[in-house]
Every structure is written in structure tokens, then in C-alpha cells.
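Reading through the C-alpha cells given below for one structure.
Taken together, the values in this text are just the output of simple stated rules run on the coordinates, not laboratory data. Keep in mind that what you see is a predicted model, and the values were worked out from it rather than measured. Quick reminder, even Gly has a Cβ in these numbers, built from the backbone with ideal geometry, and neighbours come from all protein chains shown.
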Amino acid sequence: MSLSGITEVLSPVGNKEMLIAAVRSGTDAVYLGAKEFSARRNAENFDSAGLADTVSYCHIRGVKVYLTLNILIKDSELESAFNLAKTAYNCGIDGIIIQDLGLAAALKKLLPDLPLHASTQMSVHTPAALAALKKLGFCRVVAAREMSKAELREFCSEAKRLALEVEVFVHGALCMSVSGQCLLSAFLGSRSGNRGCCAGPCRLPFKVPGGNGYDLSLKDLSLFDYIGELAEMGVTSFKIEGRMKRPEYVAAATSACRAAIDLGSVPDRLYETLKNVFSRSGFTDGYYKEKTGAEMFGIRTKEDVKAAEKAFPFLHEIYRNERTSVALDGRLTVRAGERTTLLLSDGINTVEVCGDVPEKALNSSATEQSLKEGISKLGGTPYYLKAIKIQCDGGLFVSAKQLNSLRRQAVSLLDEKRAAQIKEKNNAVYTEILPDKKRLAAPEIYIRCENEEQIPKNLCDVKMLIFPLEKNITHLPESIPFAVDIPRFADDKYIKARLPYFKEKGVKYALCGNISAMEIAREEGFSVIADTGINVYNSESACTVSGMGAEAIILSNEITLPAAATLNSPVPKGIIAYGKIPLMLFKNCPLKNGRDCRKCDKKGKITDRRNTEFTVRCRAGASEMLNSVPVWLADKTEDLKSVDFAVLYFTDEKPERVKEIIDLYKKGSPPSENYTRGLFYRGTI
């Protein structure tokens, strides 16, 4: 069983019709976005009034509501984001799903009773992160979708020890990249997935040698067959993806998940409808079963879209009528000379209403059976009578109109009680961190090399050398601080096995792009530098990450230089100022759609529809797609004074080119090759 002893179906909601479909199809909870700060900003979403109405509608029916506020927040937006969370709290929201660590810290401080859920956008995939999230105030963690059965079991075990709930995606579309680590849409079109505006470029043609031409497009995830064992591991919430989809999809997926929990399997017709109508070439359980490769890839065709229309009448029937889900106990008292009374209780809330004094019967008298039948007509409401006690004197008449009126009054009062907010309103005010107005000197230079051959001899005027955790090194440069770069999706055991190698060589710093890596590196005695994978995007998150032990921070690759300049950090802040930025992080390498790993040289290419080539490299059980051209900021000497240090991120450059680029950055030279300014000037929407 799960930690709380229950299992929760969690359905996606993008508008009111989807909400009705989810609730009537048997969900236990819904997650939805507001008009702002949602990872699905292109969905219809809900304004403040709609949010309040939604919470009332759901709470009447025993359904929880979680608000998604799971994007990176600018400094200028923090107050508005906090106020939105406060509005949701005062509406009675049951939890809030967060990506931004800074916003989470502000909410913990000012809205301490608001349950915080760590979004899958945080890329949490190993147990080492859980204790840190607990300290940050989270009560639930949404596990990364790329985790296997064995990994989830270990993850849930640690979560149980820490009294944390675990939420797992069990159905819906799969992003090719690990959530929270994708820059493809941002770099190609300034539409940021981390800001809720992903354009989905991965669904366009991208080809690898031997692939199908859509080699960044995966089949849909479906783990309905494993819900029993997931519950046994301790998973609390079974999440369905799809806030941008149709109500019919929500109804089908919710009903299927409900059946998998309650009945142990999904009815064949429902499962086949989901598979044939709402999927990309079917379903995959590849990550869960540790069977990545070509079978995981799939596309959605025009024929699939046309086929969906034929299934809609069947799916509409699933949510056409109100679902009776709230059991009531009742007592109806009919006494001579006294007003008729009806009491209804859901076990927590109790209401009692009074009607008229019953008349003497002229013909047939009211009986216990006739009164029970009349008062039990709760159709069109979420309620049903589990048990009712009838106390009735003989020889009395009670009309159907009187019974209907009593029932309607009692139901209305019960609705009010179930929708009412128990907690007090919170009037906290967020105080923003003052912007950093210091004008810095020229930033210090850090270099990150891919291998030992790239490291220039006689390095000077370089503040730090960064080197991959997965590579061995013969000679450490003298008099230059050395940092080991921990891959973003490395396993805890792998990190713990490799760090002692560098510690024995006297390495003191660790570059960490994941919360787990930060925790392990600190425990092993390394000084932590937070990498871009932590997604530090505002002053609050810089303060939070510093409080977690980071002694320096490389800011998000999506930040602009003006924003970096005013970001107030208690520790040195830097950016990647040169290099082919990793645009996507894969657990299922796209090269596998064309060839077996055993035939791969660990550095293949993927090509887009314009014949632009992107390098794919392996790192510690995962892989990354690098941008086709490097960021170049050497000639922006004044703008680079926005930060304390600039990282030159070398990947496939020849040793002589590495030395040349370092010199060009020292001189402030213009680019000598095809380049990009990244997002440092144009930003994202």
C-alpha cells in the first residue's frame, strides 16, 4: 500500500469540460493551471473566479485540486506568482506543484500550511534528493518519468522513511528529454518549456542513421498494468498526462486508471480505444521495464486523428451523467404535531432541515418504505444514501413535494459545508529581494574540458578547470582549482563510486546539475558549484541553492544578461559564455532508433529537417544533444560584467582550438565561426 494507505487517481484539467469529464469518470484529484505561471500556458486554464468555483465543485464531490505553478519565475514575477499561490490557498487548494526552488522557499516561509509538491520539472530521479526536498518544505515528489521499476522501488523506500508522498506518471505523452532539462524549443524559437510555452519541436522530423525520421518522438507512456505493484512500493498518486488534450481523452484515461485500481485491470474496449485513438503508435513501458530502444519511438498520424472522431460517442457516455461518489447517512423524522426533519451526514459534515408539520392521512398513510423511496431520490447529485433511519408515526401524510423540498434544502446545505474553507485566510505579503546593482569587473574564466587531451599546457589566467566525472585524468594542472562535473542524470551509486577517485587526487570542487548530486558531493566533502541543471533563474532560488550548500552558481541557460546582472546572489554567479549548450537530456538515446548501442561510437549525429546536425554524446547511462553552434560572448566584454565568472564549455573542440578560444575570450574578440548569442539577449516567452 501507499504511504497514506490510499491510492489516488490524478487527472489533468485544462478547462471546465475537462474538469467535469475527470470528476465524473472517477478521479480522486485533478491538477490544473491558472492563467499565469503554468507549464501548459497554451491550455485554456482558470482565472481566480474559475479557480474558486473549481475548488468548490471538486470538494463537494470529494475530489482534491492541485495548482500547477511549475515554471521558472523571473525576479520581476515573484510577487505576482506568490500572490497567485496565496489566492489559490485562500480558495482552499489542496496542494501546489512547484519547479522553482526560490518560489518554493517563499511559499514555505509565508504560506507554511500550503502543501508543496516537487514537480517532475525538478528532474528528481534518485533517493539522495529526497531529504533535501523534505527540508525545503515539500510533502510530495513527482518522480522523473524515466525511472525503472527497481529505481522506483528504492526511491519509494527512502520516501517512506522520510514520510514523503510519491507521485508517478502512469499514462500520457512522453517528452523525449528529461523534464526540466530541455532547451530545444527555447533555443530554436524562444518558446521555453521551462516557462510553459514549449512548441514541441521534437515532434518534427529529426533523423538519425537508420531511424524512421522522427527520432525524437516517443510513444505514449502507459503503466496501468503495473498499478498494483506501484501501490505496493508505496506510490500514493497515479498521474495522467494531458492538460492540452480533449475531454474525451481525460474521461477515457481516468476511467482506465480507476478500473486498474479498483478492478485490477482495464476493460478491453477502453484500453483499445486509448491505444488506437489517443497514442503515438501505441504505448510503451520501456523505462519502467528497462527496455529502451527502437520500440519506444512512435508518431501520431493524420489517420490517428480521424479515427478519434469515431470513438467520441462511446467516450461521451463515460461522463454524461453526474457520478454518485459521496455516501451519506440520514435520519428522517415524521411525528404528529411536530415539524418533519431530515438529517444528512457524510461522516464529517452534518446538516439538518425542517419542513412542515405533517397532516393526518385521508387515504393512504406514509410508510417507512414510501418515505425512504422519496427521500433517496438523489439523482443529479454526487450523493447516495448508504443508510437512513426512518422514524414515522402512523396515520400521517407527507407529500412528494415536501420530501423533495427537504432533500433539496439538505443537499444545498451539505454542498455549502463541503465547499466551505476550514482554514483562515492568509494575508501574507511577499517582499522582493532587492536587485544587485553592483557593476562587476571582467569575469573570471572557468573552462570545462571533455577530455584530458583538450587541457592546454601551461594554463594561466584561468580560475578553474572542470572535468567530467566519468573520465580518468593522469595529471591535474598545478595551482588551478579543479572541479569534477557530475552528469545530470547519473545514478546515486555511480556518483558515490566515482567521487573517491577524484578526492584521492585532491579535487575539492564538484559541479552539480541535480539536487541528488549536490547532496552526495557535500556528504563526500566537496565544495558544491550548482550547475545549469538546477535552473537558478531568480534571486530567491540563488539564496535557496546557496542555503543548500552551493558555494557558486552557474545560472540557467535561459536567463538574459540584464536579468543576470540584477540577480542578487549570496555566492558568486556565472554563466556558460561559450560552448555547444546541451539542448536535451535523454535516458533513451535517439541513436538507438537506428542502431544498437554496441555499434555506436558514443558520439553520433542527429539531423533536423533543415539538415542542421546536432551531436549526441553519452554520459553515465544517459545522453545529451548538443547545439549545432556554440554560444559566443567574448566580444561582449561590458555585458559579461553582469556575472562573477564565465564558463567556457568545451565539447568537441581540438586542443589547439581550446587554447585559441581561451585567448580570444581574454582579448574580448569577435567570433571566428558560426555562433549564437543563446538566449542571453532575446530571452524566451
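Within region 430-449, identify whether any single residue is assigned to a helix (DSSP H, G or I) and either out of contact with any strand residue (DSSP E or B) (no Cβ under 7 Å at 6 or more places or on another chain) or exposed (fewer than 13 other Cβ atoms within 10 Å of the Cβ) (or both), and answer yes or no. Within region 430-449 (the criterion being assigned to a helix (DSSP H, G or I) and either out of contact with any strand residue (DSSP E or B) (no Cβ under 7 Å at 6 or more places or on another chain) or exposed (fewer than 13 other Cβ atoms within 10 Å of the Cβ) (or both)), the answer is no, since none of the residues qualifies.
Yes/no per residue for (1) in contact (Cβ under 8 Å) with a residue 24 or more places away in the chain; (2) of a type outside the set (A, V, I, L, M, F, W, C); (3) surrounded by fewer than 21 Cβ atoms within 10 Å (Cβ to Cβ):
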residue: Ser556; (1), (2), (3): yes, yes, no
residue: Thr566; (1), (2), (3): yes, yes, yes
residue: Val571; (1), (2), (3): yes, no, yes
residue: Gly579; (1), (2), (3): yes, yes, no
residue: Pro582; (1), (2), (3): yes, yes, no
residue: Leu591; (1), (2), (3): yes, no, no
residue: Met625; (1), (2), (3): yes, no, no
residue: Val631; (1), (2), (3): yes, no, no
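From the list Ala186, Ala159, the lone residue that is part of a helix (DSSP H, G or I), buried (at least 23 other Cβ atoms within 10 Å of the Cβ) and in contact with a Ser or Thr (Cβ under 7 Å, 6 or more places away or on another chain) is Ala186. Among the residues of region 58-82, those identified as within 22 Å of Val326 (Cα to Cα) and free of Cβ contacts under 8 Å to residues at least 60 places away in the same chain are Cys58, Val63, Lys64, Val65, Tyr66. I need the full set of residues from region 567-620 which are small (Gly, Ala, Ser) and touching a Ser or Thr at 6+ places or on another chain (Cβ under 9 Å), in order please. Once the filter is applied, which keeps residues that are small (Gly, Ala, Ser) and touching a Ser or Thr at 6+ places or on another chain (Cβ under 9 Å), region 567-620 yields Ser569, Gly579, Gly604.
Could you tell me how many of the residues in region 522-538 are surrounded by fewer than 24 Cβ atoms within 10 Å (Cβ to Cβ) and not in a loop (DSSP other than H, G, I, E, B)? Qualifying residue count, region 522-538: 3.
Residues that are over 34 Å from the mean Cα position of the chain (by Cα) and free of Cβ contacts under 8 Å to residues at least 12 places away in the same chain within region 430-463 comprise Lys438, Lys457, Asn458, Cys460, listed in sequence order. When every residue of region 308-318 is checked against the conditions, none turns out to be surrounded by 13 or more Cβ atoms within 10 Å (Cβ to Cβ) and of a type in the set (Asp, Glu). Within the option set Gly180, Gly196, being buried (at least 22 other Cβ atoms within 10 Å of the Cβ) and within 30 Å of Phe312 (Cβ to Cβ) holds for one residue only, Gly196.
Considering Cys512, Cys543, the condition of being farther than 20 Å from Ile576 by Cβ and in contact (Cβ under 8 Å) with a residue 12 or more places away in the chain is satisfied by Cys543 alone. Criterion first (part of a helix (DSSP H, G or I), buried (at least 20 other Cβ atoms within 10 Å of the Cβ) and touching a His at 6+ places or on another chain (Cβ under 7 Å)) does Ala260 satisfy it? Judged against the criteria, Ala260 is not a match.
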